[in-house]
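Working notes for the structure below.
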Amino acid sequence: MPTTTSSAASPRHFLDICDLDAKALRRIIDAAHAMKKAGKRVPAALRPKNIADAVLVLIFEKPSTRTRVSFDIAMRQLGGGALSLNHTDLQLGRGESVADTARVLSRYADGMMIRANSHETLVELARNATIPVINGLTDKSHPCQVMADIQTFEEHLGPIKGRTVAWVGDGNNVAVSWMHAAVRFGFTLRLACPKSLYPDDQATTWAMREKGAISIGDDPEKAVRGADCVVTDTWVSMGQSDAARRKKLLAPYAVDAALMRKATKGAIFMHCLPAYRGHEVSQDVLEGPQSVVFDEAENRLHVQKAIIAWCLGA
Ligand code: CP
Ligand code: NVA
């Protein structure tokens with residue numbers, strides 16, 4: 001379900017894939033392909049105006065390798081600057097409100113990215129900011145990751161519209177962003193998750209209302225049969241404390257070579273990383289010829305340049 005309503009005066013936030021229309025999302029993916037082609041020196045046509053004076057503040061309530069480093073370097077390659085902070089570096093970490101933090105940082109910076117424990121924090125930050133806010137992962141969604149995954153799919157297999165993606169494992173934050181993407185980019189998404197770990201009801205209700213080609217069941221083989229792409233993620237996301245229960249529930253959902261053989265011949269394997277080999281994915285699949293996981297990681301950099309440019313009005 002869209003998390004904000006935008007008006008002509010409000011900043012261009014990037015909070016969830018479902019908040020943007022198909023045309024804006026396509027523009028971002030096309031810009032990401034162009035950014036990758038251009039390399040480190042982003043051509044003026046792809047850069048937002050006044051980028052040389054722009055600073056993006058990155059706030060982390062949880063650990064990060066890819067998101068932290070790719071956003072920082074994305075800003076440098078665009079010609080601006082970035083400031084990366086853990087929430088405990090800020091007064092936010094000792095109780096200053098999210099709203100006041102948003103209002104203060106809006107006076108200094110040109111954009112904010114937050115990786116938040118709770119999706120509510122992201123929404124509250126955006127509601128009170130006068131500069132664009134980007135979702136760098138919450139408990140509910142991970143839109144920048146899935147935008148990089150769409151770019152990666154298209155590099156390997158061509159346009160994603162009309163194709164089939166299978167999600168196998170936990171119906172987590174990344175799965176929800178895949179659901180949003182399936183609706184907006186027009187592809188079929190088949191999810192196989194244990195019943196007690198089905199994706200968030202709000203995302204399912206939204207996808208059904210939007211008439212997305214999405215099915216949710218608990219049979220991995222059924223989901224994977226004939227798919228162009230198989231995706232999974234860790235069984236225990238950051239902030240979850242029931243690791244033992246999850247590992248038991250998710251053991252039948254491990255992606256291995258036998259499961260990959262049920263997909264189409266040229267199918268690719270995706271994982272947002274970090275991966276836990278021998279748990280959600282076998283070593284041979286992760287390191288095998290169908291795996292595109294390091295392309296996904298690289299594309300975080302390129303797609304985020306395109307997302308930042310969109311937020312800053314390019
Ligand atoms: N995939 C991803 O978001 O990685 P990090 O947690 O390292 O940022
Ligand atoms: N679902 C994982 C993604 C990590 C990038 C988590 O939230 O920890």
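Each value in this text was obtained by applying a stated rule to the coordinates, not by laboratory testing. These figures come from a predicted structure and were not determined experimentally. Cβ sites come from the backbone with ideal geometry, for glycine too, and all protein chains shown count toward neighbours.
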Over region 31-126, how many percent of alpha carbon pairs lie in each 5 Å bin up to the one with the longest distance?
2, 12, 22, 22, 17, 12, 8, 3, 1
Of the DSSP H helices in the chain, the ones reaching 20 Å or more along their long axis in Cα terms and averaging at least -1.0 in Kyte-Doolittle hydropathy are 22-38, 143-157, 293-311
Applying the gyration tensor rule to the Cα atoms of region 145-299 (axes a ≥ b ≥ c; rounded if a/c under 1.5, else prolate if a/b exceeds b/c, else oblate), the class is rounded
Rounded to the nearest 20 debye, what is the charge dipole size of region 1-128 about its Cα centre when +1 sits on each Lys and Arg Cβ and -1 on each Asp and Glu Cβ?
720 debye
Amide H contacts under 5 Å for residue 163, restricted to residues at least 5 apart in sequence or on another chain and with H modeled in the peptide plane, are 188
How far apart, in nm, are two points set 7 Å out from the Cα along the Cα-to-Cβ line at residue 107 and at residue 218?
5.4 nm
Candidates 275, 243, 74: whichever shows maximal mean-square fluctuation once the chain is modelled as a Gaussian network with Cα springs under 10 Å:
243
Provide the three semi-axes, in whole Å and in decreasing order, of the ellipsoid equivalent to region 208-314 as defined by the square roots of 5 times the Cα gyration tensor eigenvalues.
25, 18, 18
What residues qualify as long-range amide H neighbours of residue 112, i.e. H under 5 Å apart, gap of 5 or more or another chain, H built at 1.01 Å from N?
57, 133, 134
Grab the alpha carbons of region 41-190, take their convex hull, and tell me the volume per residue in Å³.
132 Å³
Report Rg/Rh for region 75-141, rounded to two decimals, where Rg is the Cα radius of gyration and Rh the Kirkwood radius.
0.95
Under the Kirkwood approximation for Rh and a Cα-based Rg, what ratio Rg/Rh is obtained for region 8-54?
1.01
Taking 25 Å as R0, compute the FRET efficiency from the Cβ-Cβ separation of residue 22 and residue 261 and round it to 0.05.
0.15
Going residue by residue through region 192-200, the Karplus relation 6.51 cos²θ - 1.76 cosθ + 1.60 with θ = phi - 60° gives ³J(HN,Hα) values, rounded to whole Hz and with x marking Gly or Pro, of 10, 9, x, 3, 6, 10, 4, x, 2
If amide hydrogens are placed 1.01 Å from N in the peptide plane, which non-local residues have theirs closer than 5 Å to the one on residue 226?
263, 264
Once you have the Cα-Cα distance between residue 277 and residue 91, take 0.36 nm times their residue separation minus that, and quote the gain in nm to one decimal.
63.2 nm
Across all Cα atoms of the chain, Rg and the largest Cα-Cα distance (Dmax), in Å, are 18.7, 55
So, with +1 on the Cβ of K and R and -1 on the Cβ of D and E, and no other charges, what is the size of the charge dipole of the chain about its Cα centre, to the nearest 20 debye?
640 debye
Determine the relative contact order of the chain: mean sequence separation of Cα pairs under 8 Å and six or more apart, normalised by residue count, in whole percent.
21 percent
Hey, how much of the P(r) for region 102-234 falls beyond 20 Å, as a percent of Cα pairs?
48 percent
How big is the dipole moment of region 210-314 about its Cα centre under a simple scheme where the beta carbon of each Lys and Arg is +1, that of each Asp and Glu is -1, and everything else is neutral? Debye, nearest 20, please.
160 debye
Within 10 Å, count the other beta carbons around each residue, average over each peptide in 158-168, 143-153, and list them highest first.
143-153, 158-168
How large is log10 I(q)/I(0) at q = 0.13 Å⁻¹ when the Debye formula is applied to the Cα atoms of region 252-314, each weighted equally and without solvent?
-0.45
